Every structure is written in C-alpha cells, then in structure tokens.
Amino acid sequence: MNPQKTLHLGPADFEQASMILSSGGIVALPTETVYGLAGNAFSSESALKIFNAKERPSFDPLITHVSDELLSAQAGVLMGLARAGIVDGSVIGWTSAPVIERMIRQFWPGPLTLILPRGPNIPDEVTSGSPRVGVRMPEHPLFQKVLKLTGFPLAAPSANRFGRISPTTAEHVASELDGRIDAILDGGACSVGVESTIISLEESAAGGLIATLLRPGKISRIDLERSLGVPVGSGVGLGEKNQKIEAPGMLDQHYAPTKPLYLYPGPFPSREELDTWMRNSGVRGKTVFLCQDLASSRNLRSEDRRWVLTPMVDPEAAARSLFSTLRSIDEDASVEQILAELPENTSEGLGAAIADRLNRASVNKPLLKR
Ligand code: TXA
Ligand code: MG
C-alpha cells in the first residue's frame, strides 16, 4: 500500500469526487447506511485498489451501487440493469421478474441490496469470481449526484479497514483510511447507521422464487415477504444452488472494536444477576456497559460506567449511534472491555440488525446462527 495524500472534500465538491472516480481513483462517499469506499464497478483496477486500501481478503465481494435514473426507465429497472451489463439478461425471463421489479420500486432508492446473476460488464474482481452480483441503489443525494456525473455504477464496500467498525461519519473514514485512498467526500453523519439488508434472489428449476436473507438491516424480513409474497429464508447461502457461504463479509468476527466486547444475551437483568453472569463468563476488569436505552441503564449501579445508545426505546436512533458509540468507547484509554446488551426485540428489522452486528463484534458470540 503506497502512502498518498487523501483529499478531504466538502459536500459541494461532488464534481471533483466524480472526476477522481472517472480517472480510476477511489473515493469514500456517504450513503444513508454507512460510508462506502467507491470505485468504478466496471473496472478491475479500481476494484483492486479498493481491496488493497481496505486490506480486504479477495474472496469478499463488493456491492455495485446504481443511479436512481434507472427508476425512470420505461422498460423497468431490471431491464435497465441488464442493458447496462450489471445483471444477467436471464433475470428478465424469470417468472418472478415482475414481483422483483415491484419490490425494487417499493424499496429503492434505499438500504436494500439484491444478489442476482452477474452481468457481463461486472469484472471478477468486483464479485470475487462469483457468478452473482450484489446491487443496491443508495438514497443519499450526494452519492446519487456522483453516480450521475460518472455515468458508471460504483462498487463500494463500507469504508473501513477489513473487520473493523463501519464508518458513519467522514472523520471515521479518515481515521481508517487516510493516506490510503484518493479522497473523502464529507456528507455528514449517516441517517440509518447500519449496513443495508442483503437478500439473495434465485429462480428454482420449477420457476419459483427462492429468497434468502443474508444480512439483516432496516428493511425487515417481514417487509420483504409482504412485498415478494414468498417466504424469505434465513441464514447464509441456503439458496438452492449455493450451499456454501454466500456472503463472506458475514464472517463471524466482524465490525469489531479493538477492545474485547462481551454480549449479554438479552436486555440487562438486575445488577445481581448480571454480576453472576459476568463472573461465570470471565468478564472482569475495567468494564464499560453499553445500554440500548435509559430504561435498562437503570438496572446498573450508579458507579458503573456506561454508554447509552439512545435515551428512549427507539431502534432507529440506536442504530444511528451504534457504530460511533463503539468507536468512542474504543478510543477511551481507561476502558479495558465492553459489555453490551441486546435490544428488547431482536427478531426483525433494526433490532435484528443491531443484534447481528453486536454478535459479530463480540468475543463470546451468544447468537451463533449456524
Ligand atoms: O449499506 C451497505 O450495504 C454499505 C454501503 C456502503 O452501501 N456497503 C456494505 O458493503 O456494507 P460491505 O462490502 O461492507 O458488505 C457487503 C456484503 C459483504 O458481506 C459481501 O460478502 C456481500 O455484501 N456481497 C456482495 N456481493 C455479493 C455477492 N455477489 N454474493 C454474495 N454476497 C455478496
Ligand atoms: Mg463492511
């Protein structure tokens, strides 16, 4: 990795950001979920630069981000994606194509990534050799402005070094990637705060739609089931043709702070009960408690050090502050370890997404899914 000067651009500098991208550079851009490290999705060289800067293993594919101009295409978004060589044209012939098109129009632009058969213009380096591609239409206006100026789709993983906490501000990106990338476009703090929901879509031999949730996010499984009218399976890579792990980014150890994070498998109980659990789990030393809201923080002792994600029971606010809070705790030299609790409701949407990210960040992993 050659050291280089990273330009710090303000929101008005989106033209400069797109010029750097057009000449093959890589630029961190804001999305509504987290900041992404973007490069030309049609270019192997740009994709390789992204992998290098992030120190990301080559087996972990990138999501391709597309312009919202596709929504105005008469022939439909799927047809637009196929014509651009992003997804394979066979998708247009799927029995379920109209249902997928309807789901796209319901949730795009927004925090939903679809895994579909890959089109001819997406190089192996973007999908890590997979015949399938992740596609998302981000909602953030700055990202959309840049997409319109470049005229090509942008491959963009989260703009952190591999395995670390995803960035939700330009400052977070700088602390991860300064000197490794061409520029950072500052668009303020991200409004959702956790990465997009990922759903894998396949056509079965009998012509049915196989939908599998690969990563929970703001758009919940129930939202997707209502839209598609079929059950959405869970887990990683349980689609008919892909028995192996389908989203390697969903590795167990991910989104991790540098300090050990222990996860209590529910909302914090009484302090006495928590003491027993901590003793049994080997949690000792200077511990900071990460509470979802003020209600649970009341179970702690007054001298206990704590961070509260959001005062009220509000999953949207909790998700928005999750990664920046983890970063702040990590930077506090007086803390040795973190003990986090789970949100009240972990079965759907943002509650599930927060639980998933905390579980992957934790050293004790109480929620192993596989
Ligand atoms: O919200 C988001 O999705 C953010 C913003 C920047 O858009 N991006 C993001 O990218 O979270 P990343 O690379 O950190 O996570 C993308 C996940 C990875 O787990 C990767 O394995 C999976 O998507 N993925 C991408 N393409 C895939 C494919 N063809 N098949 C299976 N999984 C794929
Ligand atoms: Mg990531």
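Report the accessible area of TYR255, computed with a 1.4 Å probe over the heavy atoms of all protein chains in place, in Å² rounded to the nearest 10.
10
Can you give me the relative contact order of the range 309-358 as a percent, contacts being Cα pairs under 8 Å and 6 or more apart?
Values: 30 pairs, mean separation 14.7, N = 50.
Contact order relative to length: 29 percent.
Do you know the relative contact order of the range 7-234, to the nearest whole percent, from alpha carbon pairs under 8 angstrom that are 6+ apart? List each step's numbers first, then the result.
Working: 511 pairs, mean separation 69.3, N = 228.
Dividing the mean separation by the residue count of the range 7-234 yields 30 percent.
Based on the Cβ-Cβ distance from GLU273 to ASP178, what FRET efficiency comes out when R0 is 30 Å, to the nearest 0.05? Don't skip to the answer; put the middle values down first.
Numbers: r = 44 Å, r/R0 = 1.46.
In this case the efficiency is close to 0.10.
For PHE59, PHE42, PHE152, what's the largest-to-smallest order of accessible area, 1.4 Å probe?
Final ranking, largest accessible area leading: PHE59, PHE42, PHE152.
Tell me the net charge near SER220. Cut-off is 11 Å between Cβ atoms, SER220 excluded, with +1 for each Lys or Arg and -1 for each Asp or Glu.
Summing Lys/Arg as +1 and Asp/Glu as -1 gives 0.
Where does the range 94-144 land on Rg(C-alpha)/(2.2 N^0.38 Å)?
Output field value: 1.28.
Pull out the extension gain between SER234 and GLU303, defined as 0.36 nm times the separation in residues minus the alpha carbon to alpha carbon distance; nm, one decimal.
So the chain would gain 20.7 nm between SER234 and GLU303.
Calculate the spin-label point distance for ILE222 paired with LEU7, positioning each point 7 Å from the Cα along the beta-carbon direction, and give it in nanometres.
It works out to 4.6 nm between the two label points.
Using a 1.4 angstrom probe and counting only protein chains, how large is the accessible area of HIS8 in Å², to 10?
110
Given that compact globular proteins tend to follow 2.2 N^0.38 Å, what is the ratio of the alpha-carbon Rg of the chain to that value?
That ratio works out to 0.99.
A 20 angstrom limit on the alpha carbon distance is what I want to check against. Which of LYS259/LYS286; LYS5/LYS54; LYS49/LYS148 exceed it? Provide the component values of the computation, followed by the final result.
Values: LYS259/LYS286 11 Å; LYS5/LYS54 16 Å; LYS49/LYS148 22 Å.
From the list (LYS259/LYS286; LYS5/LYS54; LYS49/LYS148), the Cα-Cα distance tops 20 Å for LYS49/LYS148.
Rounded to the nearest 500 deg cm²/dmol, what is the calculated helix-only ellipticity per residue at 222 nm for the chain, with -39500 (n - 2.57) per DSSP H run of length n ≥ 4?
Result for the chain: -9000 deg cm²/dmol, rounded to the nearest 500.
Springs between alpha-carbon atoms under 10 Å, Gaussian network over the chain: tell me which of SER328, SER67, SER196 tops the mean-square fluctuations.
Between SER328, SER67, SER196, it is SER328 that shows the largest mean-square fluctuation.
For GLN292, what charge total do you get from the other residues with a beta carbon under 9 Å from its beta carbon, if Lys and Arg give +1 and Asp and Glu give -1?
Its environment carries a net charge of -3.
Quick one: accessible area per residue over the chain, 1.4 Å probe, rounded to a whole number of Å²?
In whole numbers, the chain has 40 Å² accessible per residue.
Take ARG136, ARG298, ARG306 and sort them by solvent-accessible surface of the protein heavy atoms, 1.4 Å probe, largest at the top.
Ranked from most to least accessible, the order is ARG298, ARG306, ARG136.
Under 11 Å from the Cβ of ILE20, count the other residues' Cβ atoms, weight Lys and Arg +1, Asp and Glu -1, and hand me the total.
Summing Lys/Arg as +1 and Asp/Glu as -1 gives -3.
Sorting GLU32, GLU171 by accessible area (1.4 Å probe), largest first, what list results?
In descending accessible area the options line up as GLU171, GLU32.
When the Cα centres of the range 1-47 and the range 181-195 are compared, how far apart do they sit, in Å?
The distance from the Cα centre of the range 1-47 to that of the range 181-195 comes to 11 Å.
I'd like the accessible area for ARG301: 1.4 Å probe, protein heavy atoms, all chains in place, Å² to the nearest 10.
The value for ARG301 is about 80 Å².
On the protein heavy atoms, probe 1.4 angstrom, tell me the percent of accessible surface of the chain carried by carbon and sulfur.
53
The values are calculated or read from the model by the stated rules, or taken from the named source; none is laboratory data. Quantities reported herein were computed from a predicted structural model and do not represent experimental measurements. For neighbour counting, all protein chains shown are included, and Cβ atoms are generated from backbone atoms with ideal geometry for every residue, glycine included. Heavy atoms of the whole protein, side chains included, go into the accessibility calculation; ligands, DNA and RNA do not. Shrake-Rupley method; radii C 1.70, N 1.55, O 1.52, S 1.80 Å.
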